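Here is the structure we will look at.
The values are calculated or read from the model by the stated rules, or taken from the named source; none is laboratory data. Computed from a predicted model, the values in this text were never measured in an experiment. Note that we place each Cβ from the backbone using ideal geometry, even for glycine, and neighbour counts take in every protein chain shown.
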Amino acid sequence: MSLTAQFATRMTRMKASEIRELLKLLDQPGMLSFAGGIPDPALFPVEAFGKALQDALSPDHQAQALQYSVSEGYLPLRQWIVSYMAGLGVTCRPENVVITSGSQQALDYLGKLFLSPGDTALVGWPTYLGALAAFNAYEPSYDRLRLGEDRRPEQYASAAEAAGGRVKFAYLSPDFDNPTGLTLTRAERVQVLETAAALDCAVIEDSAYQALRYDGDPVPPLLALEQDQNGGNLEACRTIYCGTFSKTLSPGLRVGWVVAAEPVISQLVLMKQASDLHSPTLNQIAIHQVAEALFERHTAGLRQAYGRRRDAMLVALKEHMPPGVSWTRPEGGMFIWVTLPEGLNGAALLETALAVEKVAFVPGQAFFADGSGENSLRLSFSNSTEAEIAEGMARLGRVLQAAR
């Protein structure tokens with residue numbers, strides 16, 4: 001007997017992550033990887049977490065740390081997030097915050113909340129492949145969110161109707177986008193809000209990299225801009241802000257959060273109850289203690305370290321890339337997006353790069369909802385030394401030169 005015939009139709013939309021599969025190859029001797037958007041473990045605040053976990057397991061706190069808890073999340077952590085969001089220009093209360101198991105779980109829940117089969121999600125071209133993976137399970141259609149172009153809201157609505165549903169949300173990462181590294185201007189953020197208002201749809205603001213700005217002037221989150229438009233009333237906002245500690249404090253503890261109007265939060269809490277009851281309380285307590293003690297100081301150090309690595313990669317790309325190759329120049333985050341001459345295929349180049357030069361990257365096609373983007377690739381600089389970056393870009397340059 002085979003159970004595969006009994007699988008739900010949504011399983012045809014779910015594919016293995018190219019990045020997760022690449023990670024299996026990276027233990028080879030001499031391999032240099034610029035594939036995963038992985039924080040440098042040498043920069044984790046290990047001592048602070050050791051103390052926080054020890055305190056959480058002390059006789060005074062161990063019962064709370066190891067017991068079942070509320071689905072909304074550990075209250076002191078939600079209160080810290082309220083304070084953090086205030087620094088970004090968003091006024092909220094703990095009732096506007098739910099803790100998730102990383103922001104990836106938040107994306108899954110939001111896909112479940114909004115998408116019926118055939119509904120449309122507006123996304124970037126390219127966009128975060130983890131978002132596509134999360135949304136795919138709910139069988140949506142995708143349309144390209146075009147900023148700075150002449151496409152009217154009614155055109156999005158007509159295309160969505162032709163696909164069998166409605167536009168339910170626009171998804172974007174406005175600061176140092178994964179995969180491009182680009183940041184939306186204030187005017188582009190306002191355009192997103194105006195488009196969403198015209199379509200009466202939600203806006204999912206994925207701000208995983210917001211704290212990692214290396215230069216340039218900060219731009220307010222979409223949620224802050226919308227709240228200001230609404231006279232400070234968060235309950236009137238359609239923007240849903242997703243944050244995470246994965247890129248700043250620890251990805252392994254899997255702690256993220258969502259800030260939104262209370263009706264959205266209440267539905268996400270119901271999903272949390274039905275899914276995993278609550279995120280691990282021990283992890284939340286540890287994150288709270290470390291964030292309260294050193295978040296600003298620690299992220300300042302990350303910005304210095306990662307900023308130098310970004311600079312090193314930009315210098316090395318300029319030195320080693322052959323003519324016809326272009327790339328983004330991000331103001332923060334972990335990624336640089338490379339566009340190759342027409343006719344070159346990133347996936348085919350990866351096979352050669354792994355076999356001949358032992359250098360890894362992510363082919364760009366995985367980031368496009370329609371499977372286009374063959375002549376592109378994503379590079380991450382966060383988990384490599386400046387010397388490794390220089391050597392890796394020299395190897396990649398040789399691969400591309402041979403391909404030409």
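Could you please find all residues in region 174-222 being under 14 Å from A121 (Cα atoms) and part of a loop (DSSP other than H, G, I, E, B)?
D200, C201, listed by residue number.
Tell me, please, whether a residue that is outside any helix (DSSP H, G or I) and either at pLDDT 95 or above or closer than 30 Å to T180 by Cβ (or both) can be found in region 299-317.
No: region 299-317 contains no residue that is outside any helix (DSSP H, G or I) and either at pLDDT 95 or above or closer than 30 Å to T180 by Cβ (or both).
Report the residue count in region 315-348 for those that are out of contact with any strand residue (DSSP E or B) (no Cβ under 7 Å at 6 or more places or on another chain) and among the hydrophobic types (A, V, I, L, M, F, W, C).
Qualifying residue count for the region: 5.
Given the options A159, A121, name the one that is touching a residue at least 12 places away in the same chain (Cβ under 8 Å), part of a strand (DSSP E or B) and among the small types (G, A, S).
A121
Quickly run through region 355-367 and pick out the residues that are on the phi < 0 side of the Ramachandran plot and either touching a helix residue (DSSP H, G or I) at 6+ places or on another chain (Cβ under 9 Å) or outside the structural domain of R329 (by TED's automatic domain parsing) (or both).
V356, E357, V359, A360, F361, V362, P363, G364, Q365, A366, F367
Applying the selection to region 44-83, what residues are under 27 Å from A224 (Cβ atoms) and surrounded by 17 or more Cβ atoms within 10 Å (Cβ to Cβ)?
Within region 44-83, S71, E72, G73, Y74, L77, R78, W80, I81, V82 qualify.
For a quick check of your reading of the model, give me the residue pairs whose first member lies in region 131-149 and is of a type in the set (S, T, N, Q), whose second is surrounded by fewer than 20 Cβ atoms within 10 Å (Cβ to Cβ) and part of a loop (DSSP other than H, G, I, E, B), with beta-carbon atoms closer than 6 Å and at least 6 apart or on different chains.
Qualifying pairs under 6 Å: N136/M14; S141/A163.
Somewhere in region 198-205, is a residue assigned by TED's automatic domain parsing to the domain that holds D119 and surrounded by fewer than 16 Cβ atoms within 10 Å (Cβ to Cβ)?
yes
How about region 206-259: which of its residues are farther than 21 Å from K168 by Cβ and charged (D, E, K, R)?
Residues satisfying the conditions are R213, D215, D217, D228, K247, R254.
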